[in-house]
Each structure stands twice: as structure tokens, then as C-alpha cells.
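Have a look at the structure below, then the notes.
The values are calculated or read from the model by the stated rules, or taken from the named source; none is laboratory data. This is a predicted model, so every value here is computed, not measured. Here the Cβ is made from the backbone with ideal geometry for all residues, glycine too, and neighbour counts use every protein chain on show. For accessibility, only protein heavy atoms count, side chains too; no ligands or nucleic acids. Shrake-Rupley method; radii C 1.70, N 1.55, O 1.52, S 1.80 Å.
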Amino acid sequence: MVFLFAITLFLSSSLLFVVQPMIAKMVLPLLGGTPAVWNTCMVFFQSMLLAGYLYAHASTRWLRFKHQAILHICLLAASVLALPIVLAAQHSEPPATGTPIGWLLRVLLMTVGIPFFLVSSSGPLLQRWFTRTDHPRASDPYFLSVAGNIGSIFALLAYPALLEPSLRLAEQSSMWAMGYVALVLLTA
């Protein structure tokens, strides 16, 4: 059982840290690598991470365990419809004049917002769910953070060293979608 929780946390953290450079690489040809683009991406992902943590906190606080699990698994399953991550045709042209920040935030929200939000809530939710088991270490689930940290480090190293040089963006997006489906199944 611990292995299932650990592998799910590893996968969720890996997905979280692979999608950020992947989507940024999709928008860079349209906007360039200016500091405003990078800063906007960072603000978006940090905000969505915080929102995911708030969702995890609120749902564990205000919903019964069974209702929370059903809600989260249904949201994860429904968000599969947003995959694979691609820039839609209606979002492919940034504004000709002015700042592209609003356009970029809208594109990020429409393309990766929901899946990223749900993946970001996985760590705290899975650790909370582990406390509901009869495992001897259930009273202190934070040892599971190691699996998430290893997944994060793996993704941060694997993306520039393995994924980016060997796979086109469409292939990266398809692999990410397969990983996301695996996360949905493991969470369920």
C-alpha cells in the first residue's frame, strides 16, 4: 500500500515539473524569451500551485473523506478531456500591440490550468488520505514527501537532458497526457 501511495506521489510531482517547461516552450516562439514571459509563467504556475493547495485544504476540512475522494477522482477523470496539452488555434496569435501578459495568462489557464491545478493538489491530498489507512505510519505521512521530492528532481533533470532533446512538443504532450491518465488511475 505504501508503494502505491509513493508511486502516485512520484508521478504527480514528475508531471507537475515537466509540464511547466513544456508549455513555456510552446508559447516561446510566439512571444520570445523576454523576462515578462518567463515571469508571467512563473506567477501563473505558483498561483495555480497555491490554488491546488487551498483546494486540498478546503476539501479535507469541509468534506467527508468519501465525498472528497469522489469529488477529486471525478474532477481528475473529467479533466482528461482537456488533454493533450496544445495551443488551440484561437490562442495562437498574441496581441500585436501592448503587453502580452493577459493573453499569456489566458492561454495558460485554458491549456494547462485545470490539469495543473488538480495535479498540484495530489501531494497534500494523498498524504491526507494515507492517514485514513491502518498502516503503522499513518499518523505521520510526511515520509511520503520523499517520493514527491524524488519525482520533482527526476523531472527537473529529465526534461532538459532526455525529453526536450529527443521528443517533439506534440510527443511530449502525448506522453504527459498518458502520465496524467496513469495518475488518475493510480489515484482512483
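Brief remarks follow.
- Qualifying positions in segment 30-41 - open to solvent by less than 40 Å² (accessible area, probe 1.4 Å), of a type outside the set (S, T, N, Q) and assigned to a helix (DSSP H, G or I): L31, V37, C41
- Residue within segment 155-165 that is in contact (Cβ under 8 Å) with a residue 12 or more places away in the chain, open to solvent by 20 Å² or more (accessible area, probe 1.4 Å) and hydrophobic (A, V, I, L, M, F, W, C) present: yes
- Segment 8-29: number of residues that are open to solvent by 60 Å² or more (accessible area, probe 1.4 Å) and either touching a Cys at 6+ places or on another chain (Cβ under 7 Å) or not basic (K, R) (or both): 3
- A single entry from L126, L87 fulfils the requirement of being hydrophobic (A, V, I, L, M, F, W, C) and assigned to a helix (DSSP H, G or I): L126.
- In segment 147-166, the residues that are farther than 11 Å from V18 by Cβ and touching a helix residue (DSSP H, G or I) at 6+ places or on another chain (Cβ under 8 Å): A147, G148, N149, I150
- When segment 135-145 is filtered for residues that are open to solvent by 80 Å² or more (accessible area, probe 1.4 Å) and touching a residue at least 24 places away in the same chain (Cβ under 8 Å), only R137 remains.
- Selection status of L54, closer than 22 Å to Q172 by Cα and surrounded by fewer than 20 Cβ atoms within 10 Å (Cβ to Cβ): no
- Single condition Q90 does not satisfy, out of (1) modelled with pLDDT of 90 or more; (2) open to solvent by 90 Å² or more (accessible area, probe 1.4 Å): (1)
- Number of the exception - F44 against (1) in contact with a Ser or Thr (Cβ under 9 Å, 6 or more places away or on another chain); (2) more than 21 Å from H135 (Cβ to Cβ); (3) open to solvent by 10 Å² or more (accessible area, probe 1.4 Å): (1)
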